[in-house]
Amino acid sequence: KKHLLSIDDLTVDDMNLLLDTAAEMHDVQRRSVKKIPALRGRTVINLFFEDSTRTRSSFEIAGKWMSADTINITGKGSSTSKGESLRDTVMTIDAMSVDAIVMRHHASGSAQQVAGWVNAVVVNAGDGTHEHPTQALLDAYTLRQKLGSIEGKHVAIVGDLTHSRVFRSNVKSLIRLGAKVTVVAPPTLMPSGVEAWAKADGFELSWDLDPVLPTVDALMMLRVQKERMSGGFFPTPREYTVGYGLTRDRLALLRDDVPICHPGPMNRGLEIAADAADAAQSVILDQVSAGVAVRMSVLYHLLAGEEA
Ligand code: CP
């Protein structure tokens, strides 16, 4: 059975197919009547143990527009609050003969673990600091739309890399699609072992944002994930903004055709100033729009060919 747990599950051809189908789904999304019958009779469970606005609602909309029955279960309202284990929870859901479980969980590797327990298709909607593959696909879709092609383009990913599953999925995805990638973070928010990883996969590291900005074709700002910093936030928020925030002054270092991405939710005034978030070159809401089309594409390819 096919799952989508990591960008590593996808070849370049798979990625291009998903992005091409997403473009067709985006056309459906633009219609006044959006319902298509592609997943009629299929059931998709959104199982979210961490909060979400974009990912959960876009998976639900994606399923509904393709006529699947979609059901949301959150950690807070489920029997996990009574002490039920993750394994018992997903085995219980699986016993209801659902077709797909779209899962977000705070533990890295949890989606892989669940895929080994259930008969349903599993889609990773974010597992701890590990991966968020559909975010990387929607980012690739947005950049392909804005830049024409990702091949040969220089993309900088900036921010709290240590805690970012978006970074981990995106660096893999962008390199596979032929981009030159530079990742920028303060030394305290660079993941351990990143030097070896950068060398093996062929991306650049920088602790200094200003010299990178004039050289990029696209910029991805990441959220500072304070909720994952149990030991406190270093540098301080003020120091972070001065060194790594996309401030109004730094915006002037970017070409004005360079798309500014942020996966959301944003800490306005910390990693990104309102002037940048709301700039004409910001594609943050285009990313949200692409999220529905890309998730339609993912669910379609994982479920539409399956035996009913
Ligand atoms: N980008 C993203 O995953 O946003 P949500 O947490 O709102 O789903």
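Every read-out reported here was derived from the displayed coordinates using simple, explicitly stated rules and does not represent laboratory data. On a predicted model such as this, the values are computed, not experimentally measured, just so you know. We place every Cβ from the backbone using ideal geometry, glycine too, and count neighbours over all the protein chains shown.
Assorted remarks:
- Residue list for the range 149-195, restricted to those being part of a helix (DSSP H, G or I), β-branched (Val, Ile, Thr) and within 19 Å of the chain's Cα centre (by Cα): Val166, Val171, Ile175
- Any pair with Cβ under 6 angstrom, 6 or more apart, that starts in the range 48-71 at a residue that is of a type in the set (Lys, Arg) and ends at one that is more than 13 Å from the ligand (Cβ to nearest atom): Lys64/Thr70
- Residue count for the range 202-225, restricted to those that are charged (D, E, K, R) and surrounded by 21 or more Cβ atoms within 10 Å (Cβ to Cβ): 0.
- Identity of the residue in the range 48-66, within 17 Å of Val121 (Cβ to Cβ) and more than 8 Å from the ligand (Cβ to nearest atom), that ends up surrounded by the fewest Cβ atoms within 10 Å (Cβ to Cβ): Glu60
- So Ala156, is it over 24 Å from Ala198 (Cβ atoms) and buried (at least 21 other Cβ atoms within 10 Å of the Cβ): no
- Of all the listed residues (Val90, Val118, Val123), the sole one being surrounded by 15 or more Cβ atoms within 10 Å (Cβ to Cβ), closer than 18 Å to Pro133 by Cα and either touching a helix residue (DSSP H, G or I) at 6+ places or on another chain (Cβ under 8 Å) or not basic (Lys, Arg) (or both) is Val123.
- Residue in the range 1-14 that is nearest to Val118 (Cα to Cα), counting only those that are within 18 Å of the chain's Cα centre (by Cα) and surrounded by fewer than 19 Cβ atoms within 10 Å (Cβ to Cβ): Asp9
- Of all the residues in the range 278-291, those that are within 18 Å of the chain's Cα centre (by Cα) and either farther than 25 Å from Ala23 by Cβ or not in a loop (DSSP other than H, G, I, E, B) (or both) number 9.
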